[in-house]
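The values are calculated or read from the model by the stated rules, or taken from the named source; none is laboratory data. Computed from a predicted structure; not experimentally measured. Virtual Cβ from ideal backbone geometry, glycine too; neighbours counted across all protein chains shown. Accessible surface areas use protein heavy atoms only, side chains included; no ligands, DNA or RNA. Shrake-Rupley method; radii C 1.70, N 1.55, O 1.52, S 1.80 Å.
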Amino acid sequence: MAFLSLKSVFAQANLGSVDQIDTWSRAWSAAAANGSAEPRLAFFARESGIAEDAFLKRLGEALGWPFIELKGITLENEVRKRISTKVAFQHMVIPVSVDAGVLKVAVSDPFDASMLAAVQFDARGAVDFCLAPRAEIEKALKKYYGVGAETLDEMSGDDPVELELADNREITGDDQDASVIKFVNQVIWEAYKDRSTDIHFEPSEDELRIRYRIDGILHQTPLPPQIKRYQAALISRIKVMSGMNIAEKRLPQDGRINVRIKGEEIDIRVSTVPTVWGESVSLRLLTRGKIFFGLDRLGFGADEETHIRDIIVKPHGIFLVTGPTGSGKSTSLYAFLSTINSVTKRIITIEEPVEYELKGINQIPVRSDIGLTFAVGLRHILRQDPNVIMVGEIRDLETAEIAIRASLTGHLVFSTLHTNDAPSAFTRLIDMGIEPFLVASSLEAVMAQRLVRMICPKCKTPQRVDADYLGKVGFPAHEIATATFWKGSGCEECRQLGYQGRTGIHELLVMTELIRPLVMNRAPATTIGQAAKAQNMRTLREDGWRKVRLGQTTIEEVLRVTQTEEHVKGLIGDEKVIGK
């Protein structure tokens, strides 16, 4: 086929004048030279103020090429094999179907002559082209070829090798390093783009599974079937990057990787454990700078935020944040410290590990292997003239005693504790061996929290919920008739999940003259909780219902993170009573 003139087709489609095209071309070239990866026609569509799919449809009409919706296409394996993985990923094209021996291939830029020639050569037969947005082609490639498929094809026929860590750790979408390095970089890059907090490499007998944790939920990544063959090389590469001993495969190891993604610093904590089928590797992605929200961005109610702002400027006392792993405790503590950080306050932390670096704050990492525990570090911090101390976690009696002594001698102490709700923190400390009168006199407040997924704003739609179901799960009866409920119907923006991003739900218990004697008399957590509720404390579930009413999250999400045994029976058959 004859290659096409961009300007003549644009004129025929009434998409832009010659002068406009020249201006757009210069601007796109300049952006590309500065590192922009935006495709040319997507850039032109944006400049013309037309959505990319509508833009391509008009181009297609002028060219006589159909526009295709890739979402509705199921790619057969035989069709996929008609275009090599290398050509598909290098030129961002995807085969769609075969009809009477003619291969239909979706492309996003019909004016890329080298791409058209490469596809026709690779197909070794007749080709019909159709148009689809570049982003949709990329998603289809990942779905049907798998993340890193091109890289693994390059490795085919070669023995896996252990590679030295490259000096340049810049990770980009088109990294050109050696194949093993490139594949690991691709996995980290895709995780970063998907807002993942964790990456898990999980070996089994016949496959290596890679899963990303996005908004607290694990999602399996599509991978080429031959990935298992390169398991040892990939894991060795990660161990080299994180400074581990690659020869030691019998014992767990911990390491850390510092990389840059598009100029942004990323800290990656790495952990390996031996399993029956090889080492399982977990990577925790810690993005510097993205965690430091103001208190108004953490999901607090107005009254809770007022109480918190009053507490974190007190000269002494203890403020505990409780909840399970992954409930956002560190985010809240860092937000508190960032809010009060100033040149007039000396703030020292001891953490395991230091997850995010705060400018102007002295942060000490726990090193249990050399005897630097929370208790030892905290004891020495008190000799450093601090105003504010943050202890990563109170795990034992010794740490708890030192923290309480610090609070009673004029220091403000922040820390975390693993309890299910706020009232249980008092009884947990007493169970550790702390005298009740010390707990009552030192604790200023306890905040329990969880993270709930937020409804995707792009596909947010009203939801009808059965009143019997609402009563069964404890939704406030007086609000059932008037409340409006929402859900995400699923779209490309949220990976068809209906959720995008997370926010906190909180249970803030402030020490008062009514609560103090209950703690001193060793009252059970339920009694303390009832007294706090009488003083307008919102429970985790009640704060969750507040966010449901505000249209931020769903009933199911609140139940997922606050579910306790007494609610299990009430949840049986919930799918039957929710209106679709």
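Looking at the structure I just gave you, is residue 139 modelled with pLDDT of 80 or more and out of contact with any Pro (no Cβ under 8 Å at 6 or more places or on another chain)?
Numbers: modelled with pLDDT of 80 or more: yes; out of contact with any Pro (no Cβ under 8 Å at 6 or more places or on another chain): yes.
Taking the combined requirement at face value, the residue satisfies it.
Of the helices (runs of 4 or more DSSP H) lying entirely inside the stretch 1-118, those containing at least 2 residues that are over 19 Å from residue 137 (Cβ atoms) span 6-12, 18-33, 40-48, 52-63.
If I filter the stretch 542-567 down to residues being open to solvent by 70 Å² or more (accessible area, probe 1.4 Å) and assigned to a helix (DSSP H, G or I), which single residue comes out as modelled with the highest pLDDT? Taking the candidates together, the pick is 549.
None of 32, 11 is open to solvent by 60 Å² or more (accessible area, probe 1.4 Å), modelled with pLDDT under 85 and not charged (D, E, K, R) except 11.
Given the condition in a loop (DSSP other than H, G, I, E, B), of a type outside the set (Lys, Arg), open to solvent by 40 Å² or more (accessible area, probe 1.4 Å) and at pLDDT below 70, answer yes or no: does some residue in the stretch 147-157 qualify?
Going through the stretch 147-157, the residues in a loop (DSSP other than H, G, I, E, B) turn out to be 147-148, 156-157.
After this cut, where a residue has to be of a type outside the set (Lys, Arg) as well, the list is 147-148, 156-157.
Next, from what is left, pick out any that are open to solvent by 40 Å² or more (accessible area, probe 1.4 Å): 156-157.
Of the ones still in play, those that are also at pLDDT below 70 are 156-157.
The answer is yes; a qualifying residue exists.
Scan the stretch 514-541 for residues that are of a type in the set (A, V, I, L, M), surrounded by 14 or more Cβ atoms within 10 Å (Cβ to Cβ) and part of a helix (DSSP H, G or I) and jot them down. Within the stretch 514-541, 515, 518, 519, 520, 525, 528, 531, 532, 540 qualify.
Of all residues in the stretch 397-443, exactly one satisfies the criterion of being of a type in the set (Gly, Ala, Ser), in contact with a His (Cβ under 7 Å, 6 or more places away or on another chain) and open to solvent by less than 10 Å² (accessible area, probe 1.4 Å), namely 407. Remark: pairs (first residue in the stretch 34-52, polar (S, T, N, Q); second residue surrounded by 16 or more Cβ atoms within 10 Å (Cβ to Cβ) and assigned to a loop (DSSP other than H, G, I, E, B); Cβ separation under 9 Å; 6+ apart in sequence or on different chains) = 48/15; 48/16. The combined condition, being open to solvent by less than 20 Å² (accessible area, probe 1.4 Å) and free of Cβ contacts under 8 Å to residues at least 40 places away in the same chain, is not fulfilled by residue 236. Counting the residues of the stretch 19-36 that are in contact with a Lys or Arg (Cβ under 9 Å, 6 or more places away or on another chain) and not hydroxyl-bearing (Ser, Thr, Tyr) gives 6.
Condition test on residue 254, is it over 28 Å from residue 543 (Cα atoms), at pLDDT 90 or above and open to solvent by 40 Å² or more (accessible area, probe 1.4 Å)? Judged against the criteria, residue 254 is a match.
May I ask you to verify whether residue 394 is β-branched (Val, Ile, Thr), within 29 Å of the chain's Cα centre (by Cα), in a loop (DSSP other than H, G, I, E, B) and crowded, with 23+ Cβ neighbours inside 10 Å?
So residue 394 passes the test.
Residues in the stretch 330-365 that are open to solvent by 50 Å² or more (accessible area, probe 1.4 Å) and touching a residue at least 60 places away in the same chain (Cβ under 8 Å): 1 in all. Pairs meeting the criteria (first residue in the stretch 304-320 and of a type outside the set (Phe, Trp, Tyr), second residue assigned to a loop (DSSP other than H, G, I, E, B), beta carbons under 7 Å, at least 6 apart or on different chains) are 308/300; 315/410; 316/410; 316/411.
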